[in-house]
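The values are calculated or read from the model by the stated rules, or taken from the named source; none is laboratory data. Just so we're clear, the structure is a prediction, and the values are computed from it rather than from any experiment. Cβ atoms come from the backbone with ideal geometry, glycine included; neighbour counts cover every protein chain shown.
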Amino acid sequence: MHRTLSPHARASRALSTARRLTAGLAAATVAGALLTGVTATAAQAQTIPSGPPHGNFDGATAVSGGLKVRGWAADADTTSALTVKITVGGATTQIQTGVARPDVPKVFPQFGPATGWETVLPLPTGSHTVCVTVVNVGPGQDKTFPCRTAVVTSGTPTADTATTTARTLTWAPPALTSPTTITISATNRQPRLEAGKDYIIKMPSTPLEGLKGLILSGGRNVVLIGGEVKISQVGTTSESLRGLLLKDQTGTVHIEGLRITGGTLAEGINIDQRLGATVQLQNIRVDTVHGTQAGLHADVIQSWAGPKVLRIDGLTGYTNYQGLFLLPTQFGTAAPQLFDLRNVNIVGTTGSAYLFWRDNGTWPATTQNVWASTSQVGVGRGQYLMGNWSGVLSGKPATGDMVPVGRAGLGYASPGYTR
């Protein structure tokens, strides 16, 4: 039999429904993901009001030599990345949100998909209590999550390894006119390239070893795809322990799929482009450059002149001193048109200092999916990022190195290009 509810009964039922909905949304906030019992309709109907951040500390997991901590955070008062403070044993590390979390907007549609945060903290063997606070923006207070305890077993911190298929790169090599092919060998590591001519540089099928690495000087358009440079000899200068020097080209230099490594490597790639070249570096892995404050100031990439345009898509660099050290007008007069950095992660190992450094010039630099992971504990971003690097994310990509071991180097095959 149908029964008509009184206004009071209808109001009571509506209030009960609202409470169940609120409880479901609160549970979603605690879990930080889609949960059983939270329907798409309920999620789409709700709006998080202005106030403290929302999110979750998903967990602290033991990895080799440390803990991987992860979660998500978002604030209704801003669309910018949030600062996440991770404290272990009294030392605080600051990172930012920016890791893809497509599950979050399914529950909270007003938040974007890049609300995740994740990093690896190098820690000694033993039990550690990890506490996480998200810095509030606008009205409200910081959001502090319940602390978690995890145990580090043993080993040395290592980067996560990406297992995904190599993605298509952005920039294709330049069109070449009647190119000359030069085969590099242990006795032919510093070919002199004629001005105005195009070249294909063919690397050997085994690692190229020798002091001063590979030097490409002169030429117009120059293309090198694949290969490995290994520096393992003893040297006393940065140039003797350098992997690659690019100097005085006038067109476009395209370096792709190159690995630079070795136990005594002190410089990855040096750039001296006073004649206005464009430099494209794609799918490059440099591991590891070694330096000290009192000795050689090691860099993954250092530019002291130009280039006019620097394009990087796919770079992983490990360093115990410095990462990208960019002074394009130190020995050149023309300011760059653009430095375009995409899909880059620089990892600072023990003793590392600045991972990204640029001068005070106004030349434009753009970043997309660019990461800096410092070994320093409890320091602000200004201790490992010098200059305006507001777009650089702190920590390590959730998927691991942009160019994992095995992707660049011997036997390299290009995944193709979008441009």
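Annotations for the structure displayed:
- Residues (in a strand (DSSP E or B) and surrounded by fewer than 24 Cβ atoms within 10 Å (Cβ to Cβ)) located in segment 288-311: THR288, TRP304, ALA305, VAL309, ARG311
- Checking ARG192 against (1) modelled with pLDDT of 95 or more; (2) of a type in the set (Lys, Arg); (3) surrounded by fewer than 17 Cβ atoms within 10 Å (Cβ to Cβ), the condition it does not meet: (1)
- When the test is whether a residue is within 22 Å of TRP389 (Cα to Cα) and outside the structural domain of ALA372 (by the TED database), VAL104 does not pass it.
- Cβ separations smaller than 7 Å between residues 6+ apart or across chains give the following pairs from segment 193-220 residues that are in contact (Cβ under 8 Å) with a residue 60 or more places away in the chain to residues that are surrounded by fewer than 18 Cβ atoms within 10 Å (Cβ to Cβ): SER205/LEU410.
- Residues being in a loop (DSSP other than H, G, I, E, B), among the aliphatic types (A, V, I, L, M) and surrounded by fewer than 21 Cβ atoms within 10 Å (Cβ to Cβ) - total across segment 384-401: 1
- The number of residues in segment 52-106 that are in contact with a strand residue (DSSP E or B) (Cβ under 8 Å, 6 or more places away or on another chain) and part of a strand (DSSP E or B) comes to 31.
- Among the residues examined, THR316 qualifies as closer than 21 Å to TRP389 by Cα and either in the same structural domain as GLY351 (by the TED database) or not in a strand (DSSP E or B) (or both).
Results for (1) assigned to a loop (DSSP other than H, G, I, E, B); (2) of a type outside the set (Val, Ile, Thr); (3) out of contact with any strand residue (DSSP E or B) (no Cβ under 7 Å at 6 or more places or on another chain), shown as yes or no for each residue.
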| position | (1), (2), (3) |
| --- | --- |
| ILE200 | no, no, no |
| THR206 | yes, no, yes |
| LEU211 | yes, yes, yes |
| LEU216 | no, yes, no |
| SER240 | no, yes, yes |
| LEU245 | no, yes, no |
| GLY263 | yes, yes, yes |
| VAL286 | no, no, no |
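- Segment 166-177, subset polar (S, T, N, Q) and in contact with an Asp or Glu (Cβ under 7 Å, 6 or more places away or on another chain), residue nearest to THR399 (Cα to Cα): THR170
- Residue list for segment 220-238, restricted to those being under 20 Å from ALA298 (Cα atoms) and part of a loop (DSSP other than H, G, I, E, B): ILE231, SER232, GLN233, VAL234, GLY235, THR236, THR237, SER238
- Subset of segment 223-245 that is within 23 Å of the chain's Cα centre (by Cα) and of a type in the set (A, V, I, L, M, F, W, C) - its residue that is surrounded by the fewest Cβ atoms within 10 Å (Cβ to Cβ): ILE225
- Number of the condition not met by VAL344 [criteria: (1) touching a residue at least 60 places away in the same chain (Cβ under 8 Å); (2) not in a loop (DSSP other than H, G, I, E, B)]: (1)
- Qualifying position, being over 27 Å from THR261 (Cα atoms) and surrounded by 17 or more Cβ atoms within 10 Å (Cβ to Cβ), among ARG342, ARG381, ARG358: ARG381
- Taking segment 361-378 as the range and being surrounded by 14 or more Cβ atoms within 10 Å (Cβ to Cβ) and either among the polar types (S, T, N, Q) or under 17 Å from the mean Cα position of the chain (by Cα) (or both) as the test, the residues that pass are ALA365, THR367, ASN369, VAL370, TRP371, ALA372, SER373, THR374, SER375, GLN376.
- CYS131 meets each of the listed conditions (1) part of a strand (DSSP E or B); (2) under 23 Å from the mean Cα position of the chain (by Cα) apart from (2).
- Scanning segment 221-254 for residues that are in contact (Cβ under 8 Å) with a residue 60 or more places away in the chain and under 22 Å from GLY406 (Cβ atoms) yields ILE225, GLY226, GLY227, GLU228, HIS254.
- Some residue of segment 405-415 being under 28 Å from THR79 (Cβ atoms) and at pLDDT below 95: no
- Restricting attention to segment 328-382, the residues that are of a type in the set (Asp, Glu) and over 19 Å from GLU267 (Cβ atoms) add up to 1.
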